[in-house]
1. Can you work out the base-10 log of I(q)/I(0) for region 170-327 at q = 0.19 1/Å, using the Debye formula on its C-alpha atoms alone?
2. How large is the accessible surface per residue of the chain, computed with a 1.4 Å probe and reported in Å² as a whole number?
3. Kirkwood-based Rg over Rh for region 69-207 (C-alpha set), two decimals?
4. Using just the Cα positions, wrap region 239-285 in a convex hull and report its mean projected area in square nanometres, one decimal place.
5. When all alpha-carbon pairs of region 1-110 are counted, what percent fall beyond 17 Å?
6. Quick one: angle between helix 213-222 and the longest Cα principal axis of the chain, in degrees between 0 and 90, rounded to 10, please.
7. For the chain, what is the Kirkwood estimate of the hydrodynamic radius, computed as the reciprocal of the mean inverse distance between distinct Cα atoms, to one decimal in Å?
8. Which value, in debye to the nearest 20, describes the size of the charge dipole of the chain about its Cα centre when Lys and Arg Cβ atoms bear +1, Asp and Glu Cβ atoms bear -1, and nothing else is charged?
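The values are calculated or read from the model by the stated rules, or taken from the named source; none is laboratory data. Since this is a predicted model, take the numbers as computed values, not measurements. In this analysis, Cβ positions are derived from the backbone assuming ideal geometry, glycine residues included, and neighbour counts consider all displayed protein chains. Areas reflect the complete protein model, heavy atoms only, side chains present, ligands, DNA and RNA absent. Shrake-Rupley method; radii C 1.70, N 1.55, O 1.52, S 1.80 Å.
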Amino acid sequence: MYRRCSTAEADIGMCYYLSGADGTGGRLKATPEDFIVNEISKRPEERSDGRFIIASVTTRNWETNRLVRILSRSMNISRERIGFAGTKDKRAVTTQLMSFEADDGSLSKVDLKDIHINETYRSKQSIRIGDLIGNRFEINVTDCTKSEENIRSTMDSVTSDIKAAGGFPNYFGVQRFGTSRPITHLVGEKIIRGDIRGAVDIYLSKLSDHEFPDTTEARKMLADRSSFEDAIKIMPKTMSFERTLAEHLIKHPDDDAGAISKLPSNLQMMFTHAYQSYLFNLMLSKRMELNIPLNQPAEGDVVIPVDADKVPMHERPIIVTSKNMDLAEKQLRSGKAFIAISLFGAESELTDGLMGEIERMIINGENITNENFIVPELPNCSSKGSRREIICPVGDMAYDVTGKGYRVSFSLSKGNYATCLLREYMKSDMISY
């Protein structure tokens with residue numbers, strides 16, 4: 001029923017495609033302008049006496065954590081006093097709301113290439129992770145291997161499949177794990193198993209075929225802890241977080257937990273979240289492998305209703321039974337609810353029925369328990385767990401084929417990945433995303 005994925009995406013649990021159509025091939029982000037993201041947000045109320053500056057920030061080719069670090073340095077404030085709703089793709093042109101707990105003159109100090117700050121005002125509310133509705137995307141796919149006619153036919157076929165299903169498989173995309181070096185979940189796994197030193201070693205020194213030679217050389221040196229000082233001398237600027245870890249360990253050789261705690265809190269959380277995402281991807285793939293529909297409930301499934309902005313209300317889960325099956329099917333057909341499965345953590349309760357059997361099989365196969373996700377040495381790496389919808393609807397989809405490529409525009413609710421929609425059309429190697 002579902003097409004198997006034969007690329008490296010399968011290594012991060014993305015084992016199937018919804019659509020059986022052949023892909024267009026091609027690549028994303030040949031230039032940052034090929035990937036435009038505009039955040040869909042509810043702006044905090046304006047209050048002239050508010051302690052936070054709210055601003056619309058447009059960046060080109062900036063990774064979010066590095067952006068926050070450089071802004072905090074330019075404004076001479078702690079990075080914890082800068083708020084944002086969600087991390088964005090680095091190789092892209094992105095616009096998002098940010099908050100700054102700072103005086104009015106601080107933003108005027110910012111003079112950085114490819115960063116534009118507009119529409120500033122004061123509010124009593126800050127911007128926090130999750131404070132967005134979704135994102136609007138305009139994306140160019142270039143260097144396709146098929147003819148224009150074939151591309152158009154593929155686009156039509158895949159779009160039809162997605163419409164029939166009410167969306168696409170809601171995998172966590174490659175950015176969650178690292179496109180050129182997919183190791184974030186491996187670091188997270190080491191952390192939740194209590195191997196903090198192993199987590200640091202993977203983050204510092206695990207090699208990838210897709211990094212630049214100077215980065216590879218630095219990683220080879222970082223594999224030997226006695227060479228940290230020499231490695232720091234040749235690290236490119238892109239390895240700033242590796243530098244933070246190495247500098248701490250030079251002073252405190254046995255304090256691996258302390259080294260990780262020097263990283264931004266949201267990056268620490270991302271390690272555990274990436275491992276949870278990997279488990280989720282495996283669970284979703286297993287459901288697809290068993291040809292269990294993504295848009296039709298089975299007994300024991302958990303269904304999550306959505307609000308008027310299409311944001312899932314996880315605090316109101318509904319367990320599907322024989323008595324409410326008809327109502328659940330109706331809610332799913334109308335797009336008012338979606339089936340959700342476990343993002344396994346310290347307080348997770350697994351699903352009942354066949355989906356529950358799948359969840360237990362994955363968790364038991366990994367030999368983990370809820371307690372693994374309580375990390376006393378690194379509180380930011382602890383995670384209670386949650387649920388995530390297994391299918392993602394697409395809003396305002398439009399596309400235009402132009403020669404050896406095409407342009408698509410669409411909107412997605414928060415927490416969902418544009419690349420997971422594009423992979424249905426492209427079916428390219430993972431590095432192309």
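1. Here the Debye-derived log intensity ratios amount to -1.16.
2. For the chain, the per-residue accessible area is 45 Å².
3. Here the Rg-to-Rh quotient is 1.06.
4. The number I arrive at for region 239-285 is 4.0 nm².
5. The answer is 65 percent, as a whole percent.
6. Taking Cα atoms only, the helix is inclined about 70 degrees.
7. The Cα-based Kirkwood calculation yields 23.0 Å.
8. It works out to roughly 560 debye.
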